[in-house]
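Just below is one structure, and these are the notes that go with it.
Any read-out appearing in this document is the output of simple, stated calculations on the displayed coordinates, not a laboratory observation. If you're wondering where the values come from, they're calculated on a predicted model, not measured in any experiment. Neighbour counts are summed over all protein chains in view; Cβ atoms, including those assigned to glycine, are modelled from backbone coordinates with ideal geometry.
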Amino acid sequence: MHEADLQGLRRALLRLDPQPGFALTDGFAVSGLACPGLAVWKGDQVAACVAAASIIAKVTRDRIMIDYDAQYEGYGFAEHKGYCTAEHQRRLEDLGPCPIHRLRYENVQAAARVASQ
């Protein structure tokens, strides 16, 4: 999934308007950008702008998961926000994966097998 994360970050940065003059990233370097950049290990702990971006990303993701909760009833996305909690795993095993589950994850594959029995 690491490469998919980097591709998503690259796409997001390339779509910014105006384009940034510099990209500070948390942990891993992102190649193929239109600007220079610096990867900072544990960047959210040492750079306020990275910490702020991390908070914005988490809040945005949580809001998306709340919307998914209404769309995919029974999964409890509003409670666990898609994180691999025991409750999420139980619901996944009861209902099987829905379209937003990442089928490449081992726990999702295992739950799909349990749900199909």
Residue-averaged 222 nm ellipticity for the chain, from DSSP H runs of 4+ at -39500 (n - 2.57), nearest 500: -17000 deg cm²/dmol
Loop GluC sites (Glu not before Pro), segment 66-97 (other Cβ atoms within 10 Å of the site Cβ: 13 or fewer; DSSP): Glu73
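Suppose we look only past 16 Å in the calculated P(r) of segment 1-46. What percent of the Cα-Cα pairs does that tail hold?
Details: 358 of 1035 pairs.
I get 35 percent for the Cα pairs in segment 1-46 exceeding 16 Å.
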Which label in (1) 30, 26, 25; (2) 52, 26, 23; (3) 40, 32, 29 gives the computed Cα extents along the principal axes in Å: (2)
Label-to-label distance, nm, for residues given as Arg10 and Ser54 (7 Å Cα→Cβ offset): 2.4
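DSSP loop trypsin sites (Lys or Arg not before Pro) in segment 23-74 with at most 11 other Cβ atoms within 10 Å of their Cβ, which ones?
Lys42
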Lys, Arg +1 and Asp, Glu -1 on Cβ, resulting dipole of the chain about Cα centre, debye, nearest 20: 260
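At most 12 other Cβ atoms within 10 Å plus a DSSP loop assignment makes a site exposed; report the longest stretch of the chain without any exposed chymotrypsin sites (Phe, Trp or Tyr not before Pro). Don't skip to the end; give the middle numbers.
Details: sites that count: Phe22, Trp41, Tyr83.
So the longest stretch without any such site is 42-82.
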